[in-house]
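One structure below.
The values are calculated or read from the model by the stated rules, or taken from the named source; none is laboratory data. Computed from a prediction, not measured in an experiment: that's the story for all the values here. In this analysis, Cβ positions are derived from the backbone assuming ideal geometry, glycine residues included, and neighbour counts consider all displayed protein chains. To get the accessible areas, we keep the full protein, side chains included, count just its heavy atoms, and leave off ligands, DNA and RNA. Shrake-Rupley method; radii C 1.70, N 1.55, O 1.52, S 1.80 Å.
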Amino acid sequence: MNTILEALQYAFIQRALVGGVFIGCCCAFLGVFLVLRRLSLIGDGLAHVGLAAGGLGLFLNTQPLWVSIPLVMFASLWILWLSDKADVYADAAIGLVSAVSVAVGIILASVGRGFNIDLFSFLFGSILAISMHEVILSVALSVIVIGMVFLFYHELFAIAFEEEYARVLGIPVEKINKILILCTAVTVSLGIRVVGTMLISSLIIFPAITALQIARGFRLAMLLAAVFSTLSVLIGVFVSYLADLPTGATIVLINFAFFVLSFIIKKMR
Amino acid sequence: MKKAIWILLFGAGIYLCLPCCSSCKQSAQPTPGKLQVVTTLFPLYDFARQIAGDKAEVSLLLPPGVESHSFEPRPGDIVRISKADVFIYTGPLMEPWSQDILKGITNKELTVINASANIQLANEEQQDHDHEAGECTHDHEHEHGGQDPHIWVDPILAQQIVSTIADGFAAKDPANKDYYLANAKTYNEKLAALDTQIRTTLEKCSKKTIVYGGHFAFGYFARRYGLEHLSPYAGFSPNAEPTPRKITEMIETLKKADTSYIYYEELLEPRVARIIAEGAGAKLLLLHGAHNISKQELDKGVTYLDIMGGNLERLKLGLGYQD
Amino acid sequence: MNLIEIKNVCVRYGPIEALCSISLAISAGDYVAIIGPNGSGKTTLFKAILNLLPLTEGSISLYGTDARRFTQWNKIGYVPQVSRNLHKGFPATVREIVASGILSAKSFPRMIFGKDYSKVIKAMETVGVCDLAERLIGELSGGQQQRVFLARAMVNDPDLLLLDEPTAAIDPATREQFYRTLREINTQFGKTIVLISHDASHIGHFAAKLAYLDKHLVFFGGFDQFCISPEMTRYFGPHAQHLICGQHCPMKEKQ
């Protein structure tokens with residue numbers, strides 16, 4: 001207990017907790033919809049796009065985040081278009097878009113023949129190294145994303161359950177899909193900068209699938225996903241502090257432990 | 001069968017075209033009669049060009065700004081190596097990719113210079129026992145297999161590298177042997193002067209610990225001048241993530257040590273160093289490991305001596321220089 | 001008034017003709033079964049009515065309004081085909097699924113309030129799925145899922161119900177019961193029902209009218225007429241028609 005209080009005195013740990021919990025909740029809420037719609041790998045895919053976009057940003061000598069957010073948004077719409085209109089399966093569409101982005105990124109880095117700072121280090125953040133500026137951005141983003149999810153909860157639910165039926169209900173399915181995918185794009189591009197790729201893709205997938213194992217009801221699934229996500233960040237930061245382990249990887253493994261636990265609970269019921 | 005031939009031809013075409021296109025763009029047409037030298041890291045490039053003078057064309061394989069540990073050669077780079085007369089690299093620990101490439105190169109004329117050939121690499125474990133703050137870096141494994149490949153940061157070892165390169169040039173191009181050896185001698189005198197300067201400067205410094213927020217590449221330097229170091233990272237791999245405990249330990253040590261400066265490494269965004277600095281109320285200073293340089297530095301024509309001179313100025317600040 | 005009026009409709013997917021020259025009018029209180037072999041365009045016709053796909057030719061009007069401009073989707077209850085594994089593992093309860101039907105009566109921002117839940121309970125009572133309210137949709141049998149979807153379609157108390165293959169996932173005993181429920185909804189609550197079935201042998205006993213579809217509309221009329229229809233005789237031969245019409249077939253009595 002004392003060690004926890006001791007850890008809490010450090011500003012970087014406070015920021016890791018706040019930034020991690022907010023980004024984690026965004027990911028958890030979006031994750032439930034993304035996993036149910038077979039788009040769970042989108043976090044990984046868009047992270048690759050973020051890399052390419054960051055390369056372009058460095059190439060153009062601007063702040064990479066301002067290049068990567070619009071480009072990742074564009075790529076996410078492209079994934080949506082491919083899976084909706086071009087009859088490409090969602091997983092293949094994600095693969096296609098991320099492969100193209102990586103290729104473009106590598107060529108850009110190659111043509112540019114050099115940067116002033118290493119591309120990877122600039123793009124991939126660590127949860128321990130969140131700046132105050134990034135905490136504010138994460139909180140603002142979460143307010144927007146969680147607000148969107150609440151505002152369109154019923155629409156998102158109906159579409160996740162059955163897209164065609166949602167259309168029959170008079171729901172503007174295309175618009176809602178775009179909102180979901182754009183929220184994901186912003187979360188991912190900010191998230192990779194704040195907490196890193198590994199953490200962002202696992203925070204999208206894990207809390208959602210863990211909640212889906214045991215939740216009896218959709219509202220409950222959303223709530224549980226947010227709870228699992230928050231707990232994994234809190235426990236992960238403290239455990240990594242106590243046991244002297246890398247924080248990001250610890251959070252991922254705690255998420256995995258939650259998943260195994262919920263799987264066992266489900267089987268025992 | 002016919003199809004297979006077409007595929008082969010197509011593949012061969014791509015294979016021949018791609019590296020050609022990219023390599024032609026990167027370097028000017030080789031001047032006949034001059035030794036073509038390809039080097040991997042910036043210090044080797046700088047040493048080689050000092051020794052070679054106008055008798056050879058020296059080029060740097062690493063694109064500016066690319067962190068040397070995350071570098072992967074492209075096909076064009078491999079072609080550049082295979083077309084060169086001399087290839088200089090630091091050693092299999094620093095450039096693990098070099099071994100496979102060198103095996104695959106058929107150019108019998110290529111002289112390969114291993115810059116660390118005549119140097120006994122230090123074990124990292126040894127270093128750990130050397131300094132008090134062992135808890136920050138011990139019990140780990142890292143990509144360099146327990147040995148520290150960053151030999152060039154020590155001006156004395158740098159002189160050995162220069163001699164190794166000069167001998168290699170002399171063997172390859174006996175006609176200009178005296179020229180190379182004379183250049184090397186002149187340059188080694190400069191390195192010796194740098195060594196003296198560092199020694200006298202550091203003698204006047206009240207503190208002996210370098211607080212470093214990155215992957216500590218200055219092991220040989222620290223040992224040479226009797227310094228200690230503190231780093232939150234285990235080993236040199238830039239992919240490793242520091243643990244929160246190590247960061248807090250660094251903050252506490254920094255607070256106690258009444259040092260108001262923390263050093264960070266070149267080319268990587270100093271996120272972790274920044275956090276430690278902020279936690280301890282310290283300022284950030286660059287300690288340039290000279291693995292590679294940024295595009296701006298390249299355009300300015302920065303040299304190894306410039307970088308080390310700059311480091312010394314900043315070490316004066318951090319280590320409490322008193323005139 | 002005709003709830004659905006289909007005028008000379010053609011739907012093509014690229015070069016493939018799914019439906020052509022269909023004209024059909026369904027008036028209030030009707031109970032129509034659309035039958036026909038696989039690939040005869042039954043589901044396409046439903047999708048066209050629900051404005052889910054563009055018409056190549058012709059027009060469809062719902063409650064007198066062109067389907068493309070129609071907005072009162074709460075007046076139409078749609079029950080999609082059930083396929084058992086589709087919703088496996090989906091974490092929604094029956095109550096949540098039924099409540100989602102309410103959205104057709106809402107516009108942005110779509111919120112569901114306490115008073116809406118009384119409608120949900122009423123619809124679940126009508127169909128008899130109240131005891132399933134807190135169960136997960138994926139845990140239910142095909143027949144139970146079908147009832148849940150029927151409750152969802154009825155939650156806004158629509159005048160018109162469209163059901164796509166409602167008995168496909170149901171065993172024969174439950175099927176009879178399901179048709180009986182539909183019959184009640186038709187007679188007691190006065191709802192217009194249009195359903196698709198590939199299985200003409202049973203539906204005939206419950207639906208008032210049959211429409212036989214095979215890319216073109218081959219037959220549309222009452223069940224009794226169906227059994228003596230010369231088009232149908234030409235289509236199936238007397239023997240098959242006899243099988244479809246079963247015991248009650250007037251043809252058999254003639255023989």
| task | Could you work out the relative contact order of chain A, using alpha carbon pairs under 8 angstrom and six or more residues apart, expressed as a whole percent? | result | 31
| When chain C is modelled as a GNM with alpha-carbon springs shorter than 10 Å, which of C:G29, C:G143, C:G89 fluctuates the most? | C:G89
| Listed residue (C:N8, C:C227, C:Y212) projecting farthest to the positive dipole end of chain C, Cβ model | C:N8
| said: Explain nothing, just compute: Karplus ³J(HN,Hα) = 6.51 cos²θ - 1.76 cosθ + 1.60, θ = phi - 60°, for every residue of the range B:172-189 in order, whole Hz, x for Gly and Pro. | reply: 6, 10, x, 4, 9, 3, 4, 4, 5, 5, 5, 4, 4, 5, 4, 5, 5, 5
| said: Give the aspartates and glutamates reachable from C:K122 as a straight Cα distance under 19 Å; neighbours fewer than 8 places away on the same chain don't count. | reply: C:E96, C:D131, C:E134, C:D157, C:D159, C:E184
| Roughly how big is the range A:2-263's charge dipole about its Cα centre, with Cβ charges of +1 (Lys, Arg) and -1 (Asp, Glu), in debye to the nearest 20? | 180
| When only Cα pairs under 8 Å and 6 or more residues apart are kept, what is the percent relative contact order across chain C? | 25
| Hey, what do the phi angles of the range A:127-135 turn into as Karplus ³J(HN,Hα) couplings, whole Hz, using 6.51/-1.76/1.60 and θ = phi - 60°, x for Gly and Pro? | 4, 7, 10, 7, 8, 4, 4, 6, 4
| note | Any residue on another chain or 5+ positions along whose placed amide H is under 5 Å from the amide H of C:Y31 is listed here as C:I193, C:A208, C:K209
| request: With +1 on each Lys and Arg Cβ and -1 on each Asp and Glu Cβ, and nothing else charged, work out how big the dipole of the range B:203-318 is about its Cα centre, in Debye to the nearest 20. | output: 320
| said: Tell me the carbon and sulfur percent of the accessible area for the range C:2-245, rounded to whole percent, probe radius 1.4 Å. | reply: 51
| said: Running a GNM on chain A with Cα contacts under 10 Å, which residue among A:Q213, A:Q14, A:Q63 ends up with the highest mean-square fluctuation? | reply: A:Q63
| task | Compute the accessible area of each residue in the range B:52-79 twice, once for its chain alone and once with every protein chain present, using a 1.4 Å probe on heavy atoms, and list those whose area falls by at least 20 Å². | result | B:P63, B:P64, B:G65, B:S70, B:R74
| note | The long-range amide H neighbours of B:G65, using H built 1.01 Å from N in the peptide plane and a cut-off of under 5 Å, are A:F115, B:I293, B:S294, B:K295
| request: Could you state how much accessible area is buried at the B-A interface, both sides summed, with a 1.4 Å probe, in Å² to the nearest 100? | output: 2600
| note | Yeah, chain A with a ≥ b ≥ c from its alpha-carbon gyration tensor (a/c under 1.5 is rounded, else prolate when a/b outruns b/c, oblate otherwise) is oblate
| query | Tally Lys and Arg at +1 and Asp and Glu at -1 over the other residues with C-beta under 11 Å from the C-beta of C:V194: what net charge comes out? | reply | +1
| Percent antiparallel among DSSP beta bridges with both residues in the protein assembly as shown, to the nearest 5? | 40
| note | Of the listed links B:K34/B:K108; B:K103/B:K185; B:K246/B:K300, those spanning more than 26 angstrom between alpha carbons are B:K103/B:K185; B:K246/B:K300
| request: Go through the range A:140-146 residue by residue and turn each phi into a ³J(HN,Hα) via Karplus (6.51, -1.76, 1.60, θ = phi - 60°); whole Hz please, and just put x for glycine and proline. | output: 4, 4, 4, 4, 5, 5, 5
| query | How high is the FRET efficiency between B:E203 and A:F263 when r is their beta carbon distance and R₀ equals 45 Å, given to the nearest 0.05? | reply | 0.10
| query | Taking the Cα centre of the range C:2-245 as the origin, how large is its charge dipole in debye, to the nearest 20, when only Lys and Arg (+1) and Asp and Glu (-1) carry charge on their Cβ atoms? | reply | 540
| field | Nonlocal amide H pairs with C:F219, under 5 Å, H built at 1.01 Å | value | C:Y212
| field | Sum of side-chain charges, B:V302 neighbourhood, beta-carbon under 13 Å (Lys, Arg +1; Asp, Glu -1) | value | -2
